[in-house]
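Values quoted throughout were computed directly from the atomic coordinates according to the rules given, and no laboratory measurement underlies them. It should be emphasised that the depicted structure is a prediction, and the values quoted were computed from it without experimental measurement. No Cβ is skipped: glycine too gets one built from the backbone with ideal geometry, and neighbour counts run over all protein chains shown.
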């Protein structure tokens, strides 16, 4: 057969196009199936009532509240720590062995499997520091997990602020910290915000880190203090899907839908913020 | 005339590379002093020693003395914040903050807390009048400064310095991003400003130095080859290398 450049062009195009479409497929299927099968379960009662009859009926209110508490707790620890260390790394740290080591550590921290964080939290916070399985221990564990996200996005946001802003500010007799506070951070804020939201959605969705550190199998009440266990959406979903027999599939899909909505809507907000930020940026 | 800035045996190193060699010069008060020379001759580096902006570069080492108002600003305990309030800087590219015109001018006084809220309006007006922008911009003070023309942006950057009450203005090729007409107007502004400020300008443009400055220093490979009144540098240079440069034989 003669070599025909038009034919190979067509084949290449079709293959590449097909590959791209295949990427779309799982997303559409996952969202489609979960919405289709979970939507009938969603009701005011489902969202605001305690679970009943061994979690086969009733609502998922404590799991939603538990997840919200965990997210809040995670941010309480990870946000100041992550943002402050990122500011130090970008604005103050000299390029030396220690700084490079710290940066390497952050990259590696991002690559640790989440179950390892769970076991680490169990060892350090639950057992060694004797917090027990609690909101405190779970939040700390999740905080360590999302630290690299917050540090990395904050660093990128700070580095994207033009060096000239710092120079001008310093040349006007403004001190280094004031320069960071008034002419760097305000311009980096949207980027930092994006990182925070991504961290939140990660913290809300992970199961393994909370498995041993906070999540309760069945606890139909709201927590009284940060030393209480709570139910959490991802773990609750795991429990009703594998540990409890005869659960109406509707309830499972409904729970999955709620979790998915929380995480996806946060990601959506992050994407919108980021694109707004890019449009506004003129330098 | 009084001396505003004096350098004594100034040497500057980037690591092993010596960027400034034994510089001695005296800048007169309320005059315009131009530093000329080919790219990489160290003129910008010299300018940036006067407000210690070179401190931002890692591995920089400076020897000698720079005396401003009787004090050696290279001495250990020098307060950089005070120094930089006294010695303002205009950069090569106009670089207003992406804020409103008003906010740009009030940026420093707000942080330094040197002005009461009631004075803000007056400061904005005075600063813009000093750079001859007030009539054009008084109705759009809330507009984003990045929407101005480059010339207006550069004027605004000069205006932004004034509320800090500097005595010396360092200008690092302030017109290199501007067209000839805008350049001429900025030069006009410099002549007005020299009534109140001592101006040091680095420029690539020999005609500009000849037009605007009172004294001129010619630099080559980190050395100050010749420093004299602008008239004598351009009509009767004492060094052959200066003569070669101003007649366009190299550079």
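Ordered from longest to shortest, the equivalent ellipsoid semi-axes for the protein assembly as shown are 62, 27, 24 Å, each the square root of 5 times a Cα gyration tensor eigenvalue.
Partner chain Cβ atoms within 10 Å, averaged over the residues of B:158-171 - can you pull that number for me? Don't jump to the answer; show the numbers that get you there.
Details: counts 0, 0, 2, 4, 0, 1, 4, 1, 3, 0, 0, 0, 1, 0.
Per residue, the number of nearby Cβ atoms from other chains is 1 on average.
The range A:1-38 and the range A:242-283 have Cα centres lying 25 Å from one another.
Compute the long axis of helix B:101-112 from its Cα atoms, compare it with the longest principal axis of the Cα atoms of chain B, and write down the angle in degrees, 0 to 90, nearest 10. Helix B:101-112 and the main axis of chain B meet at about 80 degrees. Between the range A:144-205 and the range B:192-251, what's the alpha-carbon centroid distance in Å? Computed from Cα coordinates, the inter-centre distance equals 43 Å.
With Cα atoms as the point set, the radius of gyration and Dmax of the range B:122-179 evaluate to 11.5, 31 Å.
Express in nm, to one decimal, how much length is gained between residue A:261 and residue A:127 on full extension, taking 0.36 nm for each residue of separation and deducting their alpha carbon distance. Intermediate results must be reported in sequence, preceding the final value.
Values: separation 134, 0.36 × 134 = 48.24 nm, distance 3.39 nm.
Gain on extension, residue A:261 to residue A:127, equals 44.8 nm.
Just tell me how shielded B:114-122 is by partners: mean number of partner chain Cβ atoms within 10 Å of each residue's Cβ, no decimals. Write out the running numbers ahead of the final one.
Working: counts 0, 0, 0, 0, 0, 0, 0, 0, 0.
Average per residue, whole number: 0.
With 0.36 nm allotted per residue and the present C-alpha distance subtracted, the residue A:218-residue A:48 stretch has 59.6 nm of extension available. Peptides A:21-27, B:216-222, ordered by how many other C-beta atoms sit within 10 Å of their residues on average, highest first, read B:216-222, A:21-27.
Which value at 222 nm does chain A reach when only helices count, each DSSP H run of 4 or more adding -39,500 (n - 2.57), with the total divided by all residues and rounded to the nearest 500 deg cm²/dmol?
Working: 12 runs with 194 residues, N = 283.
When only DSSP H runs of four or more count, the value is -23000 deg cm²/dmol.
So how do A:61-73, B:195-207 stack up, highest first, on mean other-Cβ count within 10 Å? Can you show the working numbers first?
Details: A:61-73: 21.8, B:195-207: 19.9.
Top to bottom by mean Cβ count within 10 Å: A:61-73, B:195-207.
Extension gain for residue A:39 to residue A:91 (0.36 nm times residue separation, less C-alpha to C-alpha distance): 13.9 nm. Could you tell me the calculated FRET efficiency between residue A:227 and residue B:165, based on Cβ-Cβ distance and R0 = 41 angstrom, to the nearest 0.05? Computed FRET efficiency for residue A:227 and residue B:165: 0.10.
Hydrodynamic radius of chain A by the Kirkwood approach over all distinct alpha-carbon pairs: 21.6 Å.
In this rough spin-label picture, where each label sits 7 Å from Cα along the Cβ direction, the residue B:69-residue B:114 distance is 1.0 nm.
For chain A, modelled as a GNM whose springs connect Cα atoms under 10 angstrom apart, the maximal fluctuation among A:93, A:19, A:203 occurs at A:19.
Beta bridges assigned by DSSP with both partners in the protein assembly as shown are antiparallel in approximately 60 percent of cases. GNM on chain A, alpha-carbon springs under 10 angstrom: the most fluctuating residue among A:145, A:50, A:231 is A:50. In the range B:122-215, Cα pairs under 8 Å separated by at least six residues give a relative contact order of 29 percent.
Please work out the C-alpha center-to-center distance from the range B:119-191 to the range A:111-131 and express it in whole Å. Comparing the Cα centres of the range B:119-191 and the range A:111-131, I get a distance of 58 Å. For chain B, pairs of C-alpha atoms spaced more than 25 angstrom apart make up 44 percent of the total.
Take the Cβ atoms of residue B:185 and residue A:23, set R0 to 51 Å, and the FRET efficiency comes out at 0.35.
Taking a temperature of 37 °C and a viscosity of 0.692 mPa s, what whole-number D in µm²/s does Stokes-Einstein yield for the range B:1-46 with Rh from Kirkwood over alpha carbon pairs? Before the final figure, lay out each step's value.
Values: Rh = 11.8 Å.
Diffusion coefficient, whole number: 277 µm²/s.
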